[in-house]
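Colleague: Take a look at this one; I'll ask things after.
No lab work stands behind these numbers, since they all come straight from the coordinates. These numbers come from a predicted model, not from an experiment. So basically every Cβ, Gly included, is an ideal-geometry build from the backbone, and we count neighbours across all protein chains shown.
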Amino acid sequence: MYVPAHFAETDPAVLHALIRAQPLGAWVAQADGELLVNHIPFYLDAGRGEHGTLVGHVARANPVWKSLPAALPSVVIFQGPHAYISPSWYASKQVDGKVVPTWNYAVVHAHGRPQLVEDRVRLLDIVRTLTEAHEAGQAAPWQVADAPANYIDKLLAAIVGIEIPIERLTGKWKASQNRSQADKMGTVAGLAASGEAQAGAMGQAMHRFIG
């Protein structure tokens, strides 16, 4: 990923926070001379490994896991807030007109070599961990134990666990850091006025760079 220095985000806490907020990752893995892309919700275990470990699972019917014993490098892409930026929001438009549209976004790439998990006990732990993480905000959180044990056993037999110890994290926050203070303020106002959730989230993300 091309990352100009002024758009680089290197704070592990910020990178981890985006992964937790947007856990559906686009996992890109190599297999038989081609790239396989799967969209998988991951749990970030920040305490395992130098940069954390991503934990998830795929259907056993999904051919991607069969190519993994070679432990080829792969990458998981986590997309944060993003929005179109209109040049009409820039204060500098009124000065010289030398402005063009762009797109602001926040993204994290997690690089690592995937490992398979087929042991039933570990698979059950993965499923419980993912469930607890994503049910935490529910008024009455569903638990794996709420379903019949034989039903869960049947489903566990139909999945393969995936763990990716993160070897490298790359973050890019394209949030108008290269614009003037007045242009940044105009952009935040324009995003807020749009009324779109993604635009509003991007505007909130920009506040870190307005000082």
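Colleague: Which residues does the label zone of Arg113 cover in segment 54-93, counting backbone N under 14 Å from a point 7 Å along Cα→Cβ?
Modeller: Residues passing the 14 Å test: 68-75.
Colleague: Under 15 Å from a point placed 7 Å out from the Cα of Ala17 along the Cα-to-Cβ direction: which residues of segment 189-211 have their backbone N that close?
Modeller: Flagged as within label range: 201-210.
Colleague: Could you work out the relative contact order of segment 26-131? I mean the mean sequence separation of Cα pairs under 8 Å and 6+ apart, divided by the number of residues, in percent.
Modeller: 27 percent
Colleague: Next question, about the same structure. Answer rounded, prolate or oblate for segment 157-211, using the Cα gyration tensor with square roots of eigenvalues a ≥ b ≥ c: rounded when a/c is under 1.5, else prolate when a/b is larger than b/c, else oblate.
Modeller: Taking the square roots of the gyration eigenvalues as a ≥ b ≥ c, segment 157-211 is oblate.
Colleague: Something else now. Lys and Arg at +1, Asp and Glu at -1: add these up for the other residues within a Cβ distance under 14 Å of Ala149 and post the number.
Modeller: +1
Colleague: Grab the DSSP H runs of the chain that are 4 residues or longer, score each as -39,500 (n - 2.57), total them, divide by all residues and round the 222 nm result to the nearest 500 deg cm²/dmol.
Modeller: That comes out to -8500 deg cm²/dmol.
Colleague: Here's a follow-up. Quick check on the exposure proxy: order His109, His6 from fewest to most C-beta atoms within 10 angstrom.
Modeller: Arranged by neighbour count, lowest to highest, His109, His6 become His6, His109.
Colleague: Something else: Which of the helices in the chain meet the span-like rule: DSSP H, Cα axial reach of 18 Å or more, Kyte-Doolittle mean at least -0.5?
Modeller: Membrane-span-like by this rule: 120-135, 181-194.
Colleague: In the neighborhood of Asp119, defined by Cβ-to-Cβ distances under 13 Å, what is the net charge if each Lys or Arg adds +1 and each Asp or Glu adds -1?
Modeller: -1
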